[in-house]
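Remarks on the structure that follows.
The values are calculated or read from the model by the stated rules, or taken from the named source; none is laboratory data. From a predicted model like this one, the values you see are computed outputs, not experimental measurements. Note that we place each Cβ from the backbone using ideal geometry, even for glycine, and neighbour counts take in every protein chain shown. Please note that ligands, DNA and RNA were not included when accessible areas were found on the heavy atoms of the full protein model with its side chains. Shrake-Rupley method; radii C 1.70, N 1.55, O 1.52, S 1.80 Å.
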Amino acid sequence: MRLNVTGLPLGALAGFAYTSDLQDFPEDGVALFDLLVETVDKVTLALDLYLPAGSPPLLRLSGFECFIEEAFETDSRWGRLAAIARERCGADPAAMDSVLASPCRILPGDPAVQWPDAWLLDALTAPPGRVPSARVWISHLKFMPATAGGGWRTKAYVAAERVPLAAPTPLPSWPSSMPARDALVEARDAGVRFLLRRQDQAGLWRDFVSPLGAGDEWPSAVIGYCLAGIGPDGHAAAMRAQAALRRRQRPSGGWGFNAWTPQDADSTAWYLHLSRALGLSGGASEDAARAFVARHVSPDGGVATYAAETPIRFEGRLEGCDDSGFRASHGCVSAAAAALVGEPTRAFVTRSQAADGSLPGYWWDEPSYPTALALVLAEGAPAIDAARGAAWLSDLPNEGLQPFAAAWRLAGLAASGQAMDAAVGKLAGLLVASQRQDGGWRGGACMRTPDPWVVAPAPGEGRIDLDVRGLFTTAGAVLALDLLIGAYSV
């Protein structure tokens, strides 16, 4: 027989276990129970009651059932609970990552799900404009004593409910000016394979050659984000990168260009975007990263790359030199962080949009990348005027457009929702035509490093470092092609 005890307060389990004569109660059960009570909304004490003939009743602990009222997507405590399962129960990290990513919505046509007959009938008879679906989410986690050898094990429970969806807005038809869809899919997939072959044993990508060494933390977060939604292989590679970066997190909560450079808001914001893209945004690592980025919001609402308290040793320059330029608000970093921070950073990005519609960047000599970021990372609510931004992205130079700029212009246009078919067709054609035989694109990401005291660098000012391995450019290209493929019907 199962008995559930609710409402047992912090510190009360030891007395309850003694007075109830719980059999075989684990020595560390009280400490685990108290930790769980401090983490979640409700911990139910699940007991098994045995009634042996001719003997007194026996009570044994079945486990601690842990409930959090808020949904997984909005409450980071689910991530903390999963971390406890990994640490206390030895739960497999891959299995826990799968649990963290489990909240989802499924439709009747999903071949991996067997819908009940009543749900299928409801789907078949649904009126126009109503799409039946089922929402599946984590109900609770249960921590149970291991049956032998001591220790704990854990089990995740899921729940489901039917939720009707509004019929999706039909996608526009494939423009006649566009390269064939199959050609774009082939180019995208070849680019993905190129990036997978160049992911190192640690799960990271290294690109850009500079006096700081090759970048691996910031580039890996960006490349992982670009791959996260592109098929099982891209998703798996992004998961490896996210796990590798999580192991690299500094005590401050942030990441940098690489392990030897100071932690910065841009690299950390990209880690958060990568985690979001993988459905892993609710853990303690992400909480610390969000707090780190928030500490970089300046009084004007913009986000600085380096906080005032961060020691900077950059290109041999020690602390004490004028580095006010590196600590000022930067449009490109603010565009990357706006969806994470909200106001007042969104307002800063809005004010930073130039009259021609572009968004200038501090670390970039040309505004294609920062302008596109403001649209690609906007999560449906761009901080810049989308129509003006898309108009600037679609105003293509007659010649000399490099694959990096073409890729991010295309990504921004595909994400903007603006009808710019002629420009989109030209950009897509340029990417297909410039792809190398190995599946990658020639590096052309002009990362600029101004002098530390320069707050507003002029065009052409500062040292330029390229992604010489082409990984950063290729990641932008595969993201752009994937967004484009998803923006039109076949």
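The table below gives the values:
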quantity: Surface accessible to a 1.4 Å probe, His273 within the full protein complex, Å²; calculated: 10 Å²
quantity: Sequence-distant residues sharing a close amide H with Arg250 (under 5 Å, placed H); calculated: none
quantity: Simple spin-label estimate for Gln23 and Leu10 in nanometres, 7 Å along Cα-Cβ; calculated: 3.3 nm
quantity: FRET efficiency, 1/(1 + (r/R0)^6) with R0 30 Å, evaluated for Glu379 and Ala180 via beta carbons; calculated: 0.45
quantity: Under the Karplus curve 6.51 cos²θ - 1.76 cosθ + 1.60, θ = phi - 60°, whole-Hz ³J(HN,Hα) for the stretch 247-254, x wherever Gly or Pro sits; calculated: 5, 8, 4, 6, x, 6, x, x
quantity: Per residue accessible area of the chain, 1.4 Å probe, in Å²; calculated: 44 Å²
quantity: Ala433 paired with Arg193, simple spin-label distance in nm, labels 7 Å along Cα-to-beta-carbon; calculated: 2.4 nm
quantity: Theoretical FRET efficiency, 1/(1+(r/R0)^6), r = Cβ-Cβ of Leu124 and Ala160, R0 30 Å, to 0.05; calculated: 0.95
quantity: Solvent-accessible ranking of Thr125, Thr474, largest area first, probe 1.4 Å; calculated: Thr125, Thr474
quantity: Integer Hz, Karplus 6.51/-1.76/1.60 couplings in order for the stretch 418-432, x for Gly and Pro; calculated: 8, 7, 9, 4, 5, 5, 4, x, 5, 5, 5, x, 4, 5, 4
quantity: The chain: radius of gyration over Cα atoms, expressed as a fraction of 2.2 N^0.38 Å; calculated: 1.12
quantity: Phi-based couplings in Hz for the stretch 21-35 (Karplus 6.51, -1.76, 1.60; Gly and Pro marked x); calculated: 6, 5, 7, 6, 6, x, 4, 9, x, 5, 4, 5, 4, 5, 4
quantity: The chain - mean residue ellipticity at 222 nm from DSSP helices (-39,500 (n - 2.57) per run, n ≥ 4, rounded to 500); calculated: -12500 deg cm²/dmol
quantity: FRET efficiency, Ala419 to Ser55 (Cβ-Cβ, R0 60 Å, nearest 0.05); calculated: 0.15
quantity: Environment charge at Glu379 (Cβ cut-off 12 Å; Lys +1, Arg +1, Asp -1, Glu -1); calculated: +2
quantity: Three-way shape label, the stretch 408-459, alpha-carbon gyration tensor, a/c 1.5; calculated: oblate
